[in-house]
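Enquirer: I have a structure I would like to understand better, so I am pasting it below and will then ask my questions one at a time.
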């Protein structure tokens, strides 16, 4: 326990640790300020989308009418023209209530428009929206109306749950792992580079305890980062943001079908699988540091292993994913795309790999 305290104090007084914690705070605050600044852009973006859709419909309508002059009995074109007229009516209604706070009516009209676009495309009309995007947007709008939840902008929301979801999606997309690699990637290899490892070996310390202590300190760094990350995000939202709801729906794909989980479930699942992966990456980094005895080499080899390991996710069968410990390197993808999989299926293999690497690393250092 004495050596753990020593390692902890060394980390706490490390300028790199302080710098990255400060950067973490500034990043969260910067993201929130960005979202506040871009609030007027949300309304402008809606206006631009409506104007773009209106221009597209009118252009298509003009083209159809010109063709109908030559083919007045073309039933297909007549059907497309009828849909185009309905699209223009709905777009006009949307523009008329754009400044209204009646979001339910807005979503209802938007779905009417999207259903009409869907019919238009099925009738072989051209419109710059894919059927997948249309289906997802319709499903999301219906979910929000059914659950009586006010819609939030996916990128620039200042509602606490949605802002946390935005930040954590970046954290789950390699952000947490990158942080841990930068902060703790040299926690063992630096001892060899600075030749302080020999001094450690002469101390009355069980060599295996060196690995345990450094691993526990690395876990502390990760937990401290999570705490500062979420505490800063919650604080700025309490002071300057909006309340929102953690039941806000997050769209996921499950066996090809559109389903929803709440932001609360998204955060829970993401933190669990990302943390499990971080625990494994820390001990893997220590093992490589013990073998390579050089920080840069350790980071490069570790990055290559993570890249190759995650790449195997796309060629592994669903059964083999139960035994694949690198599938959560980009955790967001594994949460929102659960086709013939479940979000937790790789956790056991991660803990098994972590335990095995921990045992091998302790055996390796004890043989020095």
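Enquirer: Could you tell me which of the residues 127, 172, 113, 163 is buried (at least 20 other Cβ atoms within 10 Å of the Cβ) and farther than 22 Å from residue 262 by Cβ?
Expert: Numbers: 127 fails: buried (at least 20 other Cβ atoms within 10 Å of the Cβ); 172 fails: farther than 22 Å from residue 262 by Cβ; 163 fails: farther than 22 Å from residue 262 by Cβ.
Testing whether each residue is buried (at least 20 other Cβ atoms within 10 Å of the Cβ) and farther than 22 Å from residue 262 by Cβ leaves just 113.
Matching residues to (1) more than 28 Å from residue 336 (Cα to Cα); (2) part of a helix (DSSP H, G or I); (3) at pLDDT 95 or above:
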position: 214; (1), (2), (3): yes, yes, no
position: 225; (1), (2), (3): no, yes, no
position: 231; (1), (2), (3): no, yes, yes
position: 247; (1), (2), (3): no, no, yes
position: 251; (1), (2), (3): no, no, yes
position: 268; (1), (2), (3): no, yes, yes
position: 289; (1), (2), (3): yes, yes, no
position: 296; (1), (2), (3): yes, yes, no
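Enquirer: Can you say whether residue 16 is in the same structural domain as residue 163 (by TED's automatic domain parsing) and assigned to a helix (DSSP H, G or I), as far as the supplied structure shows?
Expert: yes
Enquirer: Related question: Out of 167, 171, 178, report the one residue that is under 30 Å from residue 35 (Cβ atoms), out of contact with any helix residue (DSSP H, G or I) (no Cβ under 9 Å at 6 or more places or on another chain), part of a helix (DSSP H, G or I) and not assigned by TED's automatic domain parsing to the domain that holds residue 76.
Expert: Details: 167 fails: out of contact with any helix residue (DSSP H, G or I) (no Cβ under 9 Å at 6 or more places or on another chain); 171 fails: out of contact with any helix residue (DSSP H, G or I) (no Cβ under 9 Å at 6 or more places or on another chain).
Unique residue meeting the criteria: 178.
Enquirer: Can you pull out every residue in the range 233-245 that is loosely packed, with under 14 Cβ neighbours inside 10 Å and either touching a strand residue (DSSP E or B) at 6+ places or on another chain (Cβ under 8 Å) or part of a loop (DSSP other than H, G, I, E, B) (or both)?
Expert: 243
Enquirer: Run residue 27 past the list (1) touching a residue at least 12 places away in the same chain (Cβ under 8 Å); (2) surrounded by 14 or more Cβ atoms within 10 Å (Cβ to Cβ); (3) in contact with a helix residue (DSSP H, G or I) (Cβ under 9 Å, 6 or more places away or on another chain) and report the number of the one that doesn't hold.
Expert: That leaves (1) as the condition not met.
Enquirer: Quick check on this structure: which one of 308, 272 is more than 24 Å from residue 227 (Cα to Cα), assigned to a helix (DSSP H, G or I) and assigned by TED's automatic domain parsing to the domain that holds residue 193?
Expert: 308
Enquirer: Still on this model: Among the residues of the range 302-310, is any in contact with a strand residue (DSSP E or B) (Cβ under 8 Å, 6 or more places away or on another chain) and surrounded by fewer than 21 Cβ atoms within 10 Å (Cβ to Cβ)?
Expert: yes
Enquirer: Here is a further query. Do we have residue 303 as in the same structural domain as residue 257 (by TED's automatic domain parsing), closer than 27 Å to residue 214 by Cα and in a helix (DSSP H, G or I) here?
Expert: Answer is yes for this residue.
Enquirer: Another question, if that's okay. Taking the conditions exactly as written (at pLDDT 90 or above and surrounded by 12 or more Cβ atoms within 10 Å (Cβ to Cβ)), does residue 48 satisfy them or not? Give the steps one after another, and end with the answer.
Expert: Working: at pLDDT 90 or above: yes; surrounded by 12 or more Cβ atoms within 10 Å (Cβ to Cβ): no.
In short, no.
Enquirer: For the range 61-79, name all the residues that are part of a helix (DSSP H, G or I) and free of Cβ contacts under 8 Å to residues at least 24 places away in the same chain. Walk me through how you get there before you give the answer.
Expert: Of the residues in the range 61-79, the ones part of a helix (DSSP H, G or I) are 61-70, 75-79.
Scanning the range 61-79 gives 62, 63, 64, 65, 66, 67, 68, 69, 70, 75, 77, 78.
Enquirer: If you don't mind, another one. Does residue 290 meet the test of being surrounded by 19 or more Cβ atoms within 10 Å (Cβ to Cβ), touching a residue at least 40 places away in the same chain (Cβ under 8 Å) and over 16 Å from residue 275 (Cα atoms)?
Expert: So residue 290 fits the description; yes.
Enquirer: Provide a single number: the residues in the range 319-367 that are in a loop (DSSP other than H, G, I, E, B), modelled with pLDDT under 90 and either closer than 14 Å to residue 270 by Cβ or in contact with a strand residue (DSSP E or B) (Cβ under 8 Å, 6 or more places away or on another chain) (or both).
Expert: Total satisfying the criteria: 2.
Enquirer: Please work out which residue is nearest to residue 274 (Cα to Cα), limiting yourself to the range 342-362 and to residues that are surrounded by fewer than 17 Cβ atoms within 10 Å (Cβ to Cβ) and without any contact (Cβ under 8 Å) to a residue 40 or more places away in the chain.
Expert: So, considering only residues that are surrounded by fewer than 17 Cβ atoms within 10 Å (Cβ to Cβ) and without any contact (Cβ under 8 Å) to a residue 40 or more places away in the chain, the one nearest to residue 274 (Cα to Cα) is 348.
The values are calculated or read from the model by the stated rules, or taken from the named source; none is laboratory data. Since this is a predicted model, take the numbers as computed values, not measurements. Methodologically, a virtual Cβ is constructed for each residue, glycine included, from the backbone with ideal geometry; neighbour enumeration extends over all protein chains shown.
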